[in-house]
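Any read-out appearing in this document is the output of simple, stated calculations on the displayed coordinates, not a laboratory observation. As the structure is a computational prediction, the values presented were derived from the model and not from experiment. FYI the Cβ positions are ideal-geometry reconstructions off the backbone, even for glycines, and counts take in every protein chain you see.
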Amino acid sequence: MRAATIALFATAVCVAAPASVQAQDISCDRGDPEVRALDFRGNRAVSSSDLALRVTTTPSAILRRSLRIALGEKRCLNRTELPRDVLRLKAYYRDRGFYSAQIDTVVQPAGRDAVRVLFQINEGQPTVVRSYTVTGLQGVADSADIINRLELRVGQPFDFSLFKADIDSTVQRLRNAGYYRADAISGWDTNNDSLIARPSITVLPGKRARFGEPQVHVTPVEGRHQEISTNTVRRILGIAPGDQYSDRAIVEAQRSLFQLGAYRHIEVSPLPDTLQPPGDTIVIVDAQLTEDYVRRLDSEAGWATLDCGRLRLQYSDLNFAKSARRFEFTAQASKIGYGDPLQTRFTRDLCTLYGRSPLTSDSAFSSPFHYYVGFSIKQPRLLGTRWVPTLSLYSERRGEYLAYLRSTAVGADLSATRDVADRTQLRLGYGLEYGRTQAPQAVLCALFNRCDEISRALIDSLATLGVASAAIVRVRTDNLISPTRGTVMRAEARTSASSLLGTSSNLFFNKGSGDIAWFAPFGWHNVLSARIRGGVVVGRRLSDTLLFVPPQERLYAGGATSVRGFQQNELGGVVYIARDRDVRRDTLTPPFRYSVSDTSGFDRVVPEGGNALFVANLEYRVRDPFLFPNYVQYTFFVDGGDVWNRPSSPKIKWTPGLGLRVLTPVAPIQVNIGYNPYPSPAGPIYFEDPLRAQSAVRPDISPLYCVSPNNGIDLVFKDGVLQPPDNGPTCPRTYHPPERKTWYRRLVLTFSIGPDF
């Protein structure tokens, strides 16, 4: 048991070490040698970066060390702390099961008034767990689940921190199973000669308990009466007398109150034992609440890369109809200063980046400004369940860059969300919209052979779209905006493939998408992250791969938060729009044909999107070692993926690059440079010439001419306008854009504000 006592003492020292290490003085006084390097030798079971966190001795900033210039923080050797660093490392190794670890230090000269500190480590052999027992669970229901997935395992080193975590997990699981007064006694036996440990846990479950009537104490805003009634608070708590006790139920009750947004302070916990009823089977929970203002008016103004100016106003009533329902009225607009009618020549110039606006080639969808006007009502805990329903009514205009413009005259959305696991939320919804979707005529013609005016008018006409959806999100990261560890998982399924949903028959589709992102520390305060994203869209059946899918439901990729070697939405198939000066007439007499040569350039690119998508990202974020380590990061990334139309196969394209990431109080700002070695994809090229083509008979006609090289499409006169023939041949994908021969022309610049993925 002497070894056990040492291990317990080592654990206490190790737990306190990180906090105390950070508080030690490593500043430089006159005559103190600068630490130019810190090394660890002989460590195999523990990484050097982990050990560096346990010691006070820290080298100077990398710029100062490598270039010998007075930039960055200078850190010096504290000879008083050096022997204590040895004790800290020994305590840490003992906590990990290495009781015989030996550590020595060597301080070597590293230039004038500078030293190199080396920790020489002999880890020795670890003490291994020979047997591991948990007793005291006789008569406890689901006892196998309570001791399932313990961290410490037989055959592994006796890691005391894992042993302590197992004790805490066992007690926590018992409390969630109704055993309010559950406790555990730990014991372990070690043999230094045989290097064997036999840890054990003795469980003291006590009696199973139930909740009593919760107590509620509310402090209103000064000078005001209590807004949300006590009975409403009890309903939202979701804890009823007679319910089986559970710590999880208390956490969920506190989360439900927090989601109301109506309280400045929330504390839900059992009363002290002295105030509990006699006996040990009834537990009274006390809710201490401090109210906030329940009626608010919020505003938000900003600028975004593709939105130009943005403005948002929101009025909220958090106690609508005196029942803690949340009522919100929202009005927002984007493309302010660029979209009609909120633009001038001056404001459009303000939206320009480096002499060229990202919106200029998106004129069809940027000419009107985008907006959203609507209201929603959220009901907490529907009928006492954990479901939180929301009803929204709205009108909006939104779009996807270069791809489509969706105008909804009126829309409704009914959804319900609930937490199904720790930091995991499920959302079920149904939305019905009456509106229309405008897409580039070239895309409609290239993808769906809707090249004549009648077919395009059918797509552009008002129609109803009803969509049922289910989405699940699991976020387990240490930071929502700039995570350094953890995972994020998302999945969504959407369907409109039934007339029962209120969908027009030509808009049937099924859609599934999902992504997984992973973040982990890697190196000194650096972060390694990866993401995989995929999606598929089909018609009424899985075999329907060529039916018309609404442009707003197609899949797109490319851009600052996707594959950074491509501009926004330009990964996958594209359609080209020709320049006026490059189009030539191939025939002098009817029937007429137009075309361009392969050496011709193009005016703009229009993404086709696809019904299948795959994107993979790998990124390494390096903390700035020079001047701004807390605000600046350098990113090195490799992105890959493709967007394609089934049943064809994908052709994954990989684009490496680097970026500069600046952390701000609002969100990270990132500028990326991706290298795209791939030639621009071959595709159809069209020519739009509405000014010369309008006729007195049909002034609304804006014909679209296929001008792909060597195309054989004969144009015909109809309504006094030269137009493509009805149900004519498809425009061939024979246009190959000019090759980007120099390496710098293959660089792609992207800019983003917000999370990477």
*Beta carbons within 10 angstrom, averaged per residue: use that to sort the peptides 609-617, 288-296, 626-634, highest first.*
609-617, 288-296, 626-634
*asked:* Please state the shape class of the stretch 128-204: rounded when a/c is under 1.5, otherwise prolate if a/b exceeds b/c and oblate if not, all from the C-alpha gyration tensor.
replied: prolate
*Going by average Cβ neighbours within 10 Å, how do the peptides 218-230, 57-69, 93-105 rank, with the highest at the top?*
93-105, 57-69, 218-230
*Quick one: net charge of Phe751's neighbours, Cβ under 12 Å, K/R +1, D/E -1?*
+2
*Considering only DSSP beta bridges with both partners in the stretch 128-204, what is the antiparallel share in %, to the nearest 5?*
65 percent
*Restraint check, Lys164/Lys207; Lys653/Lys741; Lys511/Lys741; Lys511/Lys718; Lys335/Lys718; Lys74/Lys164, Cα-Cα greater than 28 Å*: Lys511/Lys741; Lys511/Lys718; Lys335/Lys718; Lys74/Lys164
